[in-house]
Amino acid sequence: MEYVDFSAKRSPNKNNLTDAHTFGYKTASKILCCNCGILIEPNLKNMCFVCLHEHVDITANITKQAVLQYCRKCERYLQPPDEWIKASLNSPELMTLCLKKVRGLKDLKVSCADFLWTEPHSKRIKIDLKVYFETGEYAGLKQGVIIEYTVQYHMCSECHRVEAKDYWRCVVQVRQHAENLKTYFYLEQMILKHRAHNHTLGIKPMHGGLDFYFSNEQNARKFVNFLEATVPIKITFSKRLIKHDHNNNVHYYKYTWSVEIVPLSRDSLVCLPKKLRHQLGTMPAICLVHKVTSCAHLIDPLTGQKAELSANHFFRSPFEAICNPRQLIEYIIMDIEPIRSSRQQDSSYSQRIFDIWLIKATQLGLNEHAVHTRTYLGYLLNVGDSVMAYSLQDSNINEAEFEKLGVEHVPDVIIVRKCFDKTSRSMPRRWKLKYLTFEPMNEQMTKEKEEFLDDIEQDMEIYKSINVYSGSCEQLNLTESTDNVFNNNVDDATATSYVPLEESISKLSLNGNCNEINS
């Protein structure tokens, strides 16, 4: 008869337990999966990872259906509480909006989200969402769920006001009270180039300018800030109470910005007040407006001294132009004599002063008496050239500051620029401009716009700062030189029609808010 030695069977476990306690750790006990029977570590469900994936749904608390509100008029989606955003189909913006609508993702991590194809007319958007647990008992368990969104049409508040004929909340009134509107035309082109009018609800032409309507105060303030950075202006702000909600203590206003542009334009002749002359660095009394950007750039027509006149300086002591570009007269150069400068800093070629003798083009051959003047533009002129100038001795100027000047400080003629014979142009302009409105133009407005187009051709700075459009797709001979019409190496026909197509927009596409003229 055989006997079993039980002490020998228990001794290994005892030794192992003793060894485990000796080294300071315990052996992990394992159990069998209640579903498939494989050996696993114990958990709450007593299931292996595969069985957990089959029997546990971690997406049970996730909402499977949601609603997206869409405005058909402005094509925007509602992002609660009251923000409307622009988002196209299958775009990241729309995916972000859809995920914000999903509830139950607090303890889950999103690993992947894709759009599923749906019929375009079904008003349904489906997303295949993959989620997983990062920590906890179900760490690493990944499952997918399909969320369906129903697109409901809902008109936004802005479009609702448009339909109710109460669409605007803010209006910006842009005005310029001047005889010459070159600065106004320049501002119009800058608005079009930088698309500052994109958020406008409407643009209405008014006497002396335009009215821009906006739906909210933020867009209107951005537009006013753009105007302030583009041209020198004076801003007046006001608001009017429309209605008042007594229960919620909410006030509804309509805001108005009155923007006044300085009444100065390119090539205008001005007479500065005495106080303003000292503020600008002892500028002479009679100056020319060289150009108008964020400030008015003044230049001494005799010596070429320059100064910048800001909007604050102008409106503190406002003045008007004593001569406008309409009063320019064509003169013929009869003789030129350079004057040596006594100061070393003025000894450069472009800063030299020249004595000029000239005769009116209409009196050439009839009057042999030449008028004497001085100018800094003598390095651009030759005997026989034509210039545009102001004749102060023949002008009737009613200005208080001008009457205070002595005879020795008032030249007889002030040369503004060199001119070319426009009759030699063999072909019309091959470029066009956009305009903000279809405002009917009278003969005076048409003439001023034609002068503005001439300025674009003659000044490369203006040309580079605006958008120029070609009327056809034909290829033009590109000119690499950046010389303007003041350069003597450019003939009349080439100078008046020169615009590189490389920098223009090939096809002119106009919408309903813009107008064009065949230049």
Exercise. Scan the range 98-112 residue by residue and report those that are assigned to a helix (DSSP H, G or I) and open to solvent by less than 100 Å² (accessible area, probe 1.4 Å).
Key: C98, L99, K101
Exercise. For the range 113-141, enumerate the residues that are open to solvent by less than 80 Å² (accessible area, probe 1.4 Å), at pLDDT below 80 and of a type outside the set (F, W, Y).
Key: G136, A139, G140, L141
Quiz item: In the range 251-269, how many residues are within 23 Å of L392 (Cα to Cα) and in contact with a Pro (Cβ under 6 Å, 6 or more places away or on another chain)?
Solution: 1
Quiz item: Given the structure, is E188 farther than 30 Å from F115 by Cα, assigned to a loop (DSSP other than H, G, I, E, B) and among the charged types (D, E, K, R)?
Solution: no
Quiz prompt | Output for the range 295-320, where each listed residue is among the small types (G, A, S) and at pLDDT 90 or above | solution = A296, A307, S310, A311
Quiz item: Among the residues of the range 340-352, is any touching a Phe, Trp or Tyr at 6+ places or on another chain (Cβ under 8 Å) and at pLDDT 85 or above?
Solution: no
Exercise. Check whether at least one residue in the range 142-150 is of a type in the set (D, E, K, R), modelled with pLDDT of 85 or more and in contact with a Lys or Arg (Cβ under 6 Å, 6 or more places away or on another chain), and report yes or no.
Key: yes
Quiz item: Based on what the data block shows, is T362 open to solvent by less than 40 Å² (accessible area, probe 1.4 Å) and either part of a helix (DSSP H, G or I) or modelled with pLDDT of 85 or more (or both)?
Solution: no
Self-check item: Answer residue from the range 378-422, given it is among the hydrophobic types (A, V, I, L, M, F, W, C), free of Cβ contacts under 8 Å to residues at least 60 places away in the same chain and in contact with a strand residue (DSSP E or B) (Cβ under 6 Å, 6 or more places away or on another chain) and is farthest from I356 (Cα to Cα) among those
Solution: V387
Quiz item: Hey, does the range 217-229 have a residue that's more than 18 Å from the chain's Cα centre (by Cα) and charged (D, E, K, R)?
Solution: no
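Quick check: is even one residue across the range 193-209 part of a helix (DSSP H, G or I) and in contact (Cβ under 8 Å) with a residue 60 or more places away in the chain?
Initial filter on the range 193-209 (part of a helix (DSSP H, G or I)): 193-194.
Going one step further and asking which of them are in contact (Cβ under 8 Å) with a residue 60 or more places away in the chain, we end up with 193.
Within the range 193-209, one or more residues are part of a helix (DSSP H, G or I) and in contact (Cβ under 8 Å) with a residue 60 or more places away in the chain.
The values are calculated or read from the model by the stated rules, or taken from the named source; none is laboratory data. Owing to the predicted nature of the structure, the values given are computational and were not obtained by experimental measurement. So basically every Cβ, Gly included, is an ideal-geometry build from the backbone, and we count neighbours across all protein chains shown. The accessibility values were calculated without ligands, DNA or RNA, using every heavy atom of the protein model including side chains. Shrake-Rupley method; radii C 1.70, N 1.55, O 1.52, S 1.80 Å.
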